[in-house]
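Here the structure is laid out as structure tokens; the discussion comes afterwards.
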Amino acid sequence: MLTYTTYSEAGGVGKSTIGAALLESHSNHGLDVLAIDMDQQNGSLTYLLDIDAPRDDSQADNIVRHLIDRPKGSLEDLIYETEYGFDLIPSHNMLESLEDLLNRAQQMADDLGEGDDFDPYDRLRQVLLESGVPQEYDVLVVDPPATAGPHLYNAVSATRSLVIPVEPTGKGMQSVLGLEELVDGLQERLEAEIGVLSAVPNGIGRTSDQDRYLTEIRDRGYPAPVAIRERSSLFEGCWDQQCTPRYYVEEHRDRRRDHESETLDKIDRLATEIEEVSEQ
Ligand SMILES: Nc1ncnc2c1ncn2[C@@H]1O[C@H](COP(=O)(O)OP(=O)(O)OP(=O)(O)O)[C@@H](O)[C@H]1O
Ligand SMILES: [Mg+2]
């Protein structure tokens with residue numbers, strides 16, 4: 001099974017946008033795909049895909065209730081079908097309090113003498129395993145917020161692999177230089193082996209910069225099959241219309257723009273490469 005977290009140290013570098021496009025590509029490749037939105041922000045994957053989930057309803061069952069061992073139903077019942085062929089477990093406002101809620105759940109487990117079995121950063125993996133849900137899918141992608149904390153740690157612990165959009169700036173490249181240390185830190189914290197499936201320079205201004213960024217990333221030993229150009233009109237358009245980039249191009253554009261098709265093709269190639277890396 002292919003499992004990864006769309007990860008970046010910085011916010012707003014395209015995790016959710018590129019993630020949505022990758023999800024659609026995996027699905028178009030004939031794979032059964034599940035996404036989990038672990039981001040409490042309103043502008044997350046759930047918003048982009050226009051999923052009408054009861055995120056404000058504090059009584060509704062949601063992923064957090066499962067993570068703190070207080071589910072109101074089965075995990076399967078949290079799954080929504082999107083219009084794009086893949087499924088999604090949506091975000092919920094309870095994710096805002098995840099850290100406190102996990103601490104409380106840990107305390108309760110300790111009081112019952114079951115504290116050793118409760119690992120607050122490994123809950124998502126446990127919940128998925130116990131539910132049998134992953135057996136129904138070929139691909140699992142988790143979209144976390146950019147901040148380090150229990151959302152991210154649960155995502156990484158459950159998926160064990162990362163796809164990393166990188167801002168094509170000095171700062172973004174600095175984060176690539178620090179990647180080895182960062183992955184080591186995650187491995188230590190989660191006591192698990194974490195792999196980088198791909199790093200993706202995203203938002204390249206000048207064509208001539210493309211190869212430089214790809215080469216720098218590859219020289220660090222990370223797979224980097226494609227770089228994605230700056231396509232504000234395409235990506236802003238899909239956030240405006242709340243749909244995947246491919247759907248936006250196919251349904252909301254009155255004529256074909258070659259540079260947009262090229263960007264979609266690149267993301268599709270990235271999806272294929274990720275599928276192949278995970279098979280090795
Ligand atoms: N290649 C690109 N060219 C132009 N704009 C882009 C590109 N990729 C993403 N964007 C824009 O950047 C913004 C942030 O994207 P997105 O929300 O996917 O980032 P994120 O990393 O998920 O953010 P967060 O850390 O808040 O979760 C969006 O407005 C999106 O349209
Ligand atoms: Mg996001």
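Every number in this text was worked out from the coordinates using simple rules, so none of it is lab data. No experiment lies behind these values; they were computed from the predicted model shown. Here Cβ is always computed from backbone atoms with ideal geometry, including for glycine, and neighbour counts include all displayed protein chains.
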(Q) Can you return the lysines within cross-link range of Lys15? Criterion is Cα-Cα under 29 Å, with same-chain partners fewer than 8 residues away left out. (A) Lys171, Lys266
Q. In a shell of Cβ-Cβ distance under 12 Å around Thr207, excluding Thr207 itself, what net charge do Lys and Arg (+1) and Asp and Glu (-1) give?
A. -1
**Q.** Estimated [θ] at 222 nm from DSSP helical runs (n ≥ 4, -39500 (n - 2.57)) normalised by residues in the chain, nearest 500
**A.** -14000 deg cm²/dmol
(Q) If I model a spin label at Tyr80 and Asp32 as a point 7 Å from the Cα along the Cα→Cβ vector, what separation in nanometres do I get? (A) 2.1
Q: Quote the FRET efficiency, to the nearest 0.05, computed for Arg104 versus Gln187 with a Förster distance R0 of 22 Å and r equal to the Cβ-Cβ distance.
A: 0.20
Q. So, in nm, how far is label Arg257 from label Ala148 when the simple model puts each one 7 Å beyond its Cα toward the Cβ?
A. 3.8
Q. Using r as the Cβ-Cβ distance of Asp111 and Ser131, and R0 as 25 Å, what FRET efficiency do you calculate, to the nearest 0.05?
A. 0.45
Q: Could you point to the residue in Val226, Ala158, Leu129 farthest towards the positive end of the chain's charge dipole, with +1 and -1 charges on the Cβ of Lys/Arg and Asp/Glu respectively?
A: Val226
Q: Treat every Asp and Glu Cβ in the range 37-107 as -1 and every Lys and Arg Cβ as +1, leave all other atoms uncharged, and give the resulting dipole magnitude about the Cα centre to the nearest 20 debye.
A: 360
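What dipole magnitude, in Debye to the nearest 20, does the chain give about its Cα centre under +1 on Lys/Arg Cβ and -1 on Asp/Glu Cβ?
980
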Q | Among beta bridges that DSSP assigns inside the range 2-279, antiparallel share in %, nearest 5 | A | 10
Q.
Please compute the length gained on full extension between Asn42 and Lys72, using 0.36 nm multiplied by the number of residues separating them and subtracting their Cα-Cα distance.
A. 8.5 nm
Q: Just grab the label-to-label distance for Asp211 and Glu236, each label 7 Å out from Cα along the Cβ direction, in nm (one decimal).
A: 3.1
